[in-house]
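Data first, discussion second: the structure below is written as structure tokens.
The values are calculated or read from the model by the stated rules, or taken from the named source; none is laboratory data. Model, not experiment: these values are computed from the prediction. Glycine also receives a Cβ, built like all others from the backbone with ideal geometry; neighbour counts cover every protein chain displayed. Accessible surface is based on the protein model in full, side chains and every heavy atom, while ligands, DNA and RNA are left aside. Shrake-Rupley method; radii C 1.70, N 1.55, O 1.52, S 1.80 Å.
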Amino acid sequence: MPKKRKKRQNELRLSKNIKKQEEAKRVEERRAAEEQAKRVAAEKKKYTGTLSGHEYVDLGLSTWWATCNVGASSPSEYGSYFAWGETTSKWDFENTYTLNDSPNIGKDISGTKYDAATVNWGNDWCMPTKSQWEDLISKCSWEWTTQSNHKGWKITGPSGQSIFLPAAGWYLGKYGNTIAETYCKYWSSTLSYEYSFNAYAYDGQDRDMDDYATDYGMTIRPVVSSSGKKLAKIDKQLQSYDELVSEEAKKAAPTFGLR
């Protein structure tokens, strides 16, 4: 066999081997990426869920937080603005505060008829209390970032999961909202103990709780109520049961009233 032809054949075999090795490497990389994606999805599934059509995240705290504001359809949207104790959103907060002449409605409105989260999302949800906000502030890491063209805080909890709080600003009287993308303020359900017409809100600039006039318009990030949390845990138990047990075993096994 001529040397040139033999050399050419060797080069072709070498080229084919290299291509096979490269393809095998690509297959292995795809497989590893798919496995990693499955692990991430499985990990996320342990810490997330849906109640009444709204998603929550378990950050590893005693409270589970919603992924969106009331009135928003994605984590980066501002959502609706409420005066404290009002359950209907509005844009003009000048001389329209419904609780100006109302009787004392209590020091904390979480889960009551004055709670905008409960009224708008159902009993599985409520406004976070001052202490629940303080838990989020002290036990999570905070990163100022941009998500879907909106600035805000990415908050990562001990579980490794995170939520995003857009800097939605606030409304004061009839002057509108000119400080969105800069200020991040969210109502708590707790009335200030110092001033009867002030309630506590999260202040994103100082990352602490401060008190503001209750007729200001602010956004609300709900948390899962105690009853909603119990329901979610039962749902997860049922999901685990469905995933682990075969169809034949499910038909034969007692249900104990769970399904």
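A few comments on the model shown:
- Residues in the stretch 143-164 that are surrounded by 15 or more Cβ atoms within 10 Å (Cβ to Cβ) and among the aromatic types (F, W, Y) were compared, and the one that is farthest from the chain's Cα centre (by Cα) is W153.
- Among residues of the stretch 116-129 that are without any contact (Cβ under 8 Å) to a residue 60 or more places away in the chain, those with a beta-carbon under 6 Å from a residue that is part of a loop (DSSP other than H, G, I, E, B) and open to solvent by 30 Å² or more (accessible area, probe 1.4 Å) at least six positions away or on a different chain give the pairs V119/T87.
- The residues in the stretch 55-99 that are surrounded by fewer than 17 Cβ atoms within 10 Å (Cβ to Cβ), under 9 Å from the mean Cα position of the chain (by Cα) and part of a loop (DSSP other than H, G, I, E, B) can be counted, and the count is 0.
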